[in-house]
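Have a look at the structure below before the remarks.
Just so it is clear, none of the values below were taken in a lab; they were calculated from the coordinates. All of these numbers come straight from a predicted model, not from anything done at the bench. Here the Cβ positions follow ideal geometry from the backbone for every residue, glycine too, while neighbour counts run over all protein chains shown.
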Amino acid sequence: MSATASPELIAQGYRRARVVTRHHAKSFFFASYLLFGQRRKAAFALYAFCRRLDDLVDAGESALPGEAPMDLATRLARARERVAEVYLPLPELASKELGPPSARQPSAEAPSPWDPSEFAALRHTIHHYRIPEQPFQDLISGMEMDLTKVRYDTWEELDLYCYRVAGVVGLMLTPVLGCEDARAVEPAADLGRAMQLTNILRDVREDLERGRVYLPSEELRAFGITEDDLRAGRVDAKWRDFMRFQIQRARAYYARAAAGVRYLTGFGSQRMVRLMGAIYGDILRDIEARGYDVFSGRAHTTTGRKLELTATVFLRPRAALPEAPLALPSAPVPLLPTGTGGSR
């Protein structure tokens with residue numbers, strides 16, 4: 001596709017991105033009503049970009065419609081190239097890590113994960129808001145982690161994954177939401193981290209069914225929990241302690257994110273971010289209300305609750321996403337192996 005797409009193609013891409021967002025990201029779509037005009041369309045374009053990559057990984061090695069089976073790593077390499085193409089006229093925003101887009105070596109041919117119109121809308125969004133390339137390439141790195149890792153040993157490993165697959169989305173959105181203050185950058189990434197950790201805590205059973213355990217094995221062992229316990233859906237005192245620890249960690253990231261909201265200048269942006277954080281944070285409340293049982297049902301935020309949170313965002317915005325300086329919890333102390341004289 002040429003660097004300059006027709007207005008009709010761009011408009012079609014924004015419409016398609018809206019449909020993708022409405023279908024796959026109901027909470028994000030709900031919160032997006034607080035944005036207006038081009039900002040809202042740009043948010044849809046960015047979500048569609050992320051969703052297509054996610055679908056690519058979820059599809060595994062199966063072929064996309066109308067194509068022969070192809071190695072997934074090759075498809076992601078092609079995705080990197082498509083992103084780099086967007087930055088050919090914007091070398092000042094290109095990834096410093098990967099170097100000038102014009103100097104990068106092409107990989108094997110593979111189809112683009114994106115519909116041409118969706119990609120035209122993405123290109124238009126990137127150029128209009130001058131979004132740096134690195135977050136897009138980091139997201140692809142996160143998707144590549146899913147190709148090789150189905151277990152995470154430490155929180156540091158999982159934190160990197162959360163940053164790459166979700167924290168960077170906050171970095172993509174920050175220019176769209178109106179911000180030139182560097183103090184908003186890390187909080188934007190922290191909101192993505194908090195939301196991804198919330199997803200992981202909510203989706204333990206679903207991830208197990210896909211052969212994945214995102215919960216750090218080092219921390220599971222520290223609380224005396226085995227993978228057999230997870231497969232059995234065992235909700236006991238050890239599991240509840242573990243979940244309390246993880247929820248405390250997630251809430252600390254939400255609080256960090258809240259501290260950056262004040263730097264967003266786009267109309268509706270502060271309320272949108274507070275509502276998005278509040279809706280996802282409410283999933284943690286539902287997990288607690290279920291007695292930390294994430295195995296027999298899926299925690300969620302009801303439509304009625306979303307409306308309540310929307311009212312809070314307008315009437316008491318700081319209460320919707322509190323800025324309380326919550327400290328990240330210290331790493332749990334590992335249990336001593338059986339036979340060493342230690343016990344919990």
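Once the Cβ-Cβ distance of Thr303 and Ser102 is raised to the sixth power relative to R0 = 45 Å, the FRET efficiency obtained is 0.40. Gaussian network model of the chain, Cα springs within a sub-10 Å range: biggest mean-square fluctuation belongs to which of Leu173, Leu230, Leu46? Maximum fluctuation in the GNM of the chain, among the listed residues, is at Leu230. From the alpha carbon centroid of the range 225-239 to that of the range 1-40 is 41 Å. Inter-label distance, Arg285 to Ser330: 3.1 nm, where each label sits 7 Å from its Cα along the C-beta direction.
For the pair Gln248 and Arg130, the difference between a 0.36 nm per residue extended length and the Cα-Cα distance amounts to 39.0 nm. For the pair Glu227 and Ser6, the difference between a 0.36 nm per residue extended length and the Cα-Cα distance amounts to 74.3 nm.
The distance linking the range 263-306 with the range 115-148 is 25 Å (Cα centroid to Cα centroid, whole angstrom). Evaluated on the range 149-338, the Kirkwood hydrodynamic radius is 17.2 Å, with distances taken between all distinct Cα atoms.
For the chain, the Kirkwood estimate of hydrodynamic radius, built from reciprocal distances between every pair of different alpha carbons, is 21.2 Å. For the chain, a Gaussian network of Cα nodes joined below 10 Å ranks Ser217, Ser141, Ser330 by mean-square fluctuation, and the top entry is Ser330.
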